[in-house]
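Peer 1: Provided herewith is a single structure, encoded as structure tokens, for subsequent inquiry.
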Amino acid sequence: MYLVQLLSAGIATGSIYALIAIGIVLIYKCSGVVNFAQGAYAMFGAYVTYALSKLGLPAVVAVLVSVVTMAALGVATEKFVLRPMLRAPVVAVMMATLGILIFAKAICLAIWGPDQIAFPKIFPEGSIEVGGIFMTYNYVAAGILSAILCAAFLGFYQFTSLGLMQRCAANNSKAALAIGIHVSNQISIAWGMSAALAGLGGTLLATLNGLSLGLETIGLVAFPVIVLGGLTSLGGAFIAGILLGVLEALTDGLLTPALEEFLRAYTNIYSIGALQQVVPYALLVLMLLVRPQGIFGQRGTERI
Amino acid sequence: MRGRDVLIVILVALICAAGSFALSRFMAFLVYSVAIAAIGALALNLLIGYCGQISFSQGALLGVGAYAAGNLGNAGFDIFAVLGGGIAAAAISALIGLPAMRLRGLYFAIATLAAQAILEYLFKTVEPITKGISGLTISPLTLFGVRIGSDQAYASIAIIVLLLTWLFLSWLIRTNLGRAFLVVRESELVAKGMGINVGRTKMWAFVISGFIVGIAGALIGFTSRLANPEAFALHLSIDYIAMIIVGGLGSWIGSLIGAAFVVLLPEAIERLGEGLHMADLVFAMREMAFGLLIIVFLIFEPRGLAALGRSLVQRFTRPSKVGEKLAT
């Protein structure tokens, strides 16, 4: 029973990871940029939702406005920061997105301060019981909502004409230009969508864990997810997100207590700290060594 | 560097090292902070700017150097504690470099991000060596039995180490190995075609860079007298990457300028904000300026401050191109 409880909590957080990771993959596919600022959009989105609902807006409206704001910010980032750096080396572009992260974090610190803030109730309080498992509405709603959003986004990417244009631009930008797709607009759209997804993910995460500047670390947690799923696969990011969420929950709930008990019995080590925070990274290194393209990614070919 | 430049650099450094004894404590603190950061930035520039291997584990490697040197120094190993810090960091750096045998560019950068996270976790948990979250207190460095206590002495030691590092690296880049670094940076395929053992070349870059970073870490440990996990977190890696980007990738003088810039900027803003009595806001302003400057630099002067300075000097010292042609 405890196991099922852990699994369902893992799936709930995992689908939020997936939501954030999908945004990073989307940008990488489209423009070849690895976006470290994803965590910044998540954090900023959550803070904007908080500020709006404090002004008296109903929760749903606040979330929607915040998501739209994040989308606008994403487009602005692409237009004003990334576009002038088209020919810059990879490390410079990575560093620019890190600069955005530092800047956004500093702005949130200046406006809302460093303390943890109680996040407004978006979902009703209380919990439900299914077959002996208790889950708060927060977890259920956040998990289901983000899973649905991920699925909806994947469907959008696969079946609509805008999704088709996105895939064209990502697949071969020259060919896309030749058939009349405005590739740089598509890149802007990709940034907007991914920032919106991140803002939503950040808001959902804040409903679970409360609101603080620590929320930006979600952008880094997403990296094991996308490497595991394959940098180029949206579906892979979704599956890997849930996988890692479950793995973290299991490490926290089962592996850590078991290991600590073992160590206490045979050595004088008392605690092994937050093991669940490093397990994803250990898995990432292993994955990179065994199968660098991830579970679902394609192996890149290189032109000489 | 030509012979004459080498002499000038040695002379300037010796004068600075001797002159640092005349500084106030605060000035000495600034001098050794910049010098130690510059040593670390030179090493990172070797790895990223000259060999093309993006690394996010600089902060953790500095930590390895600090912890190793701190433990050795506390155990009474004298000056060898600093070397021990270098060797420990070189070993860990080689370990981090192992995936680079198979991975390239972006994927490798993500692997170093993972290494940073794993090392941070180890700093917190391997309590016998690191003393956990509370941190390891480090007794002052002893140099052949003489206890080094004053900030001025640390400033002059840091300047001398910086000088040695600089001379070593600018010699290294002129050797066959150094040339191989540059080819690997430009294209691994071309390097293979020229008969360069790419894996071994990268490994040398990791070991050499790691050793120097470890020495910088050891100096950080001995000057701050405390090594705790938070001091060596990811943001330190980002600071160092910012240094070499702001200064200029693949430029030794750039590393020095970048280090000075990144270390002194927060100090300057803190000074300006001292009258405000709002610590959080000043910290936020500092971070904001830092983030904004990184972005602005990358957009408008991606070659860094060193290149900017060079073009300015050229503009003022060589007014006409005709003269330049006649001279050659």
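Peer 1: Could you please give the count of residues in the stretch B:291-328 that are aliphatic (A, V, I, L, M) and at pLDDT below 75?
Peer 2: Total satisfying the criteria: 3.
Peer 1: Here's a follow-up. Would you please list the contacts, defined by Cβ atoms under 7 Å and residues six or more apart or on different chains, that run from a residue in the stretch B:272-296 that is of a type in the set (Lys, Arg) to a residue that is modelled with pLDDT of 70 or more?
Peer 2: Here the result reads B:286/B:266; B:286/B:269; B:286/B:270, each pair linking the stretch B:272-296 to a residue that is modelled with pLDDT of 70 or more.
Peer 1: Name the residue, out of B:70, B:85, B:65, B:76, that is more than 11 Å from chain A (Cβ to nearest Cβ) and not in a helix (DSSP H, G or I).
Peer 2: Step by step, each of B:70, B:85, B:65, B:76 is checked, and only B:76 is more than 11 Å from chain A (Cβ to nearest Cβ) and not in a helix (DSSP H, G or I).
Peer 1: For a quick check of your reading of the model, give me the residue pairs whose first member lies in the stretch B:72-94 and is among the hydroxyl-bearing types (Ser, Thr, Tyr), whose second is assigned to a helix (DSSP H, G or I) and crowded, with 16+ Cβ neighbours inside 10 Å, with beta-carbon atoms closer than 6 Å and at least 6 apart or on different chains.
Peer 2: Note: pairs meeting the criteria are B:93/B:61; B:93/B:206; B:93/B:210.
Peer 1: Please work out which one of (1) closer than 19 Å to residue A:173 by Cβ; (2) more than 15 Å from the chain's Cα centre (by Cα) is the condition residue A:28 fails and give its number.
Peer 2: The number of the failed condition is (2).
Peer 1: Only one residue in A:48, A:81, A:91 is more than 13 Å from chain B (Cβ to nearest Cβ) and assigned to a helix (DSSP H, G or I), so which one is that?
Peer 2: The match here is A:48.
Peer 1: Continuing with the same structure: Is it fair to say residue B:100 is out of contact with any Lys or Arg (no Cβ under 6 Å at 6 or more places or on another chain) and either more than 9 Å from chain A (Cβ to nearest Cβ) or modelled with pLDDT of 85 or more (or both)?
Peer 2: no
Peer 1: Scan the stretch B:127-147 for residues that are loosely packed, with under 15 Cβ neighbours inside 10 Å, part of a loop (DSSP other than H, G, I, E, B) and either among the small types (Gly, Ala, Ser) or free of Cβ contacts under 8 Å to residues at least 40 places away in the same chain (or both) and jot them down.
Peer 2: Listed by number, the residues that qualify are B:139, B:145.
Peer 1: Identify the residue in the stretch B:271-290 that is within 18 Å of residue B:26 (Cα to Cα) and away from chain A (no Cβ under 14 Å) and, among all such residues, is modelled with the lowest pLDDT.
Peer 2: Step by step, filter the stretch B:271-290, then rank; the result is B:274.
Peer 1: Quick check: anything in the stretch A:29-36 within 21 Å of residue A:144 (Cα to Cα) and surrounded by fewer than 24 Cβ atoms within 10 Å (Cβ to Cβ)?
Peer 2: no
Peer 1: Still on this structure, I have one more. Determine, yes or no, whether residue A:106 is of a type outside the set (Val, Ile, Thr), in contact with a Pro (Cβ under 8 Å, 6 or more places away or on another chain) and under 18 Å from residue B:290 (Cβ atoms).
Peer 2: No: the conditions fail for residue A:106.
Peer 1: Can you tell me how many residues in the stretch A:151-172 are hydroxyl-bearing (Ser, Thr, Tyr) and surrounded by 19 or more Cβ atoms within 10 Å (Cβ to Cβ)?
Peer 2: 1
Peer 1: For residue B:206, only one of the following conditions fails: (1) within 21 Å of the chain's Cα centre (by Cα); (2) surrounded by fewer than 21 Cβ atoms within 10 Å (Cβ to Cβ). What is its number?
Peer 2: Just one mismatch for residue B:206, condition (2).
Peer 1: Right, next: Just to be sure I understand, how many residues within the stretch B:38-86 are within 23 Å of residue B:109 (Cα to Cα) and not small (Gly, Ala, Ser)?
Peer 2: Within the stretch B:38-86, residues that are within 23 Å of residue B:109 (Cα to Cα) and not small (Gly, Ala, Ser) number 16.
Peer 1: OK, next. Would you be able to tell me the number of residues in the stretch B:176-197 that are surrounded by 19 or more Cβ atoms within 10 Å (Cβ to Cβ) and free of Cβ contacts under 8 Å to residues at least 60 places away in the same chain?
Peer 2: Qualifying residue count, the stretch B:176-197: 4.
Peer 1: Could you tell me which numbered condition residue B:253 fails, if it satisfies all but one of (1) part of a helix (DSSP H, G or I); (2) under 19 Å from the mean Cα position of the chain (by Cα); (3) within 23 Å of residue B:182 (Cβ to Cβ); (4) at pLDDT below 85?
Peer 2: Here residue B:253 clears every test but (4).
Peer 1: Only one of A:250, A:231, A:213 is out of contact with any Lys or Arg (no Cβ under 9 Å at 6 or more places or on another chain) and of a type outside the set (Val, Ile, Thr); which?
Peer 2: Going through A:250, A:231, A:213 in turn, just one is out of contact with any Lys or Arg (no Cβ under 9 Å at 6 or more places or on another chain) and of a type outside the set (Val, Ile, Thr): A:250.
Peer 1: Among the residues of the stretch A:37-52, which ones are among the hydroxyl-bearing types (Ser, Thr, Tyr) and within 19 Å of residue A:94 (Cα to Cα)?
Peer 2: A:41
Peer 1: Filter the stretch A:100-150 down to the residues that are of a type in the set (S, T, N, Q) and touching a helix residue (DSSP H, G or I) at 6+ places or on another chain (Cβ under 6 Å), then identify the one that is surrounded by the most Cβ atoms within 10 Å (Cβ to Cβ).
Peer 2: Only one residue fits best here, namely A:146.
Peer 1: Can you name the condition, by its number, that residue B:24 falls short on among (1) surrounded by fewer than 22 Cβ atoms within 10 Å (Cβ to Cβ); (2) touching a residue at least 40 places away in the same chain (Cβ under 8 Å)?
Peer 2: Failed condition: (2).
Peer 1: Further question on the same structure: Exactly one condition in (1) surrounded by 15 or more Cβ atoms within 10 Å (Cβ to Cβ); (2) away from chain A (no Cβ under 11 Å) is false for residue B:115; which is it?
Peer 2: Of (1) surrounded by 15 or more Cβ atoms within 10 Å (Cβ to Cβ); (2) away from chain A (no Cβ under 11 Å), only one is false for residue B:115: (2).
The values are calculated or read from the model by the stated rules, or taken from the named source; none is laboratory data. Everything quoted here is computed from the prediction, not taken from an experiment. We place every Cβ from the backbone using ideal geometry, glycine too, and count neighbours over all the protein chains shown.
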